[in-house]
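Here's the structure, in structure tokens; my notes come after.
The values are calculated or read from the model by the stated rules, or taken from the named source; none is laboratory data. Nothing here was measured: the structure is a model prediction, and the numbers come from that model. All Cβ positions, glycine included, derive from the backbone under ideal geometry; neighbour counts span all protein chains shown. Protein only, heavy atoms only, side chains kept; ligands, DNA and RNA dropped before computing areas. Shrake-Rupley method; radii C 1.70, N 1.55, O 1.52, S 1.80 Å.
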Amino acid sequence: QVQLVESGGGLVQAGGSLRLSCAASGRTFSSYAMGWFRQAPGKEREFVAGISWSGGRTYYADSAKGRFTISRDNAKNTVYLQMSSLKPDDTAVYYCAAEQEKLTTRVLEYDYWGQGTQVTGSS
């Protein structure tokens with residue numbers, strides 16, 4: 001069992017930066033691939049970035065490439081999403097999720113989810 005708690009969301013002007021954190025409980029955090037997803041009002045939840053259990057492999061949605069960086073610290077049971085050059089289109093609730101088997105972009109394959117943190121980009 002893994003419990004996830006996101007933090008770090010907020011209101012940011014276009015072009016600004018935010019760092020989201022996702023703290024995990026459970027001794028097996030280091031064995032999970034982790035992903036960040038987001039969901040805007042009226043839209044489906046979408047993949048943003050993912051990282052393998054070791055941190056050695058990462059993957060990004062096209063919308064995040066070059067602007068967002070995912071990282072993890074297994075000693076702290078925490079995964080991060082550093083976001084820069086934020087746009088109003090980045091406004092959404094951001095969720096972290098854990099997947100026991102492999103790094104994937106598919107929502108339905110993730111086993112555990114946090115409650116989300118709101119990110120609002122203002123123009």
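Remarks
- Antiparallel content of DSSP bridges confined to the chain, in %, to 5: 90
- Protein-only accessible surface at a 1.4 angstrom probe places the residues 18, 81, 108 in the order 108, 18, 81, largest first.
- Averaged over its residues, the range 16-123 has an accessible area of 51 Å² per residue, based on protein heavy atoms and a 1.4 Å probe.
- Here residue 65 is the anchor, and the lysines within straight C-alpha reach of less than 20 Å, apart from those fewer than 8 places off in the same chain, are 87.
- 11 Å beta-carbon shell around residue 30, net charge (K/R +1, D/E -1): +2
- Element breakdown for the chain at a 1.4 angstrom probe: carbon and sulfur atoms account for 46% of the accessible area.
- Multiplying the residue separation of residue 101 and residue 120 by 0.36 nm and subtracting their alpha-carbon distance yields 3.6 nm.
- Shape summary of the range 1-115, radius of gyration then Dmax from alpha carbon positions: 13.1, 38 Å.
- Charge tally for residue 117 (other residues, Cβ to Cβ under 12 Å; Lys, Arg +1; Asp, Glu -1): +1.
- For residue 49, the residues whose modelled amide H falls within less than 5 Å of its own, excluding neighbours fewer than 5 places apart on the same chain, are 36, 61.
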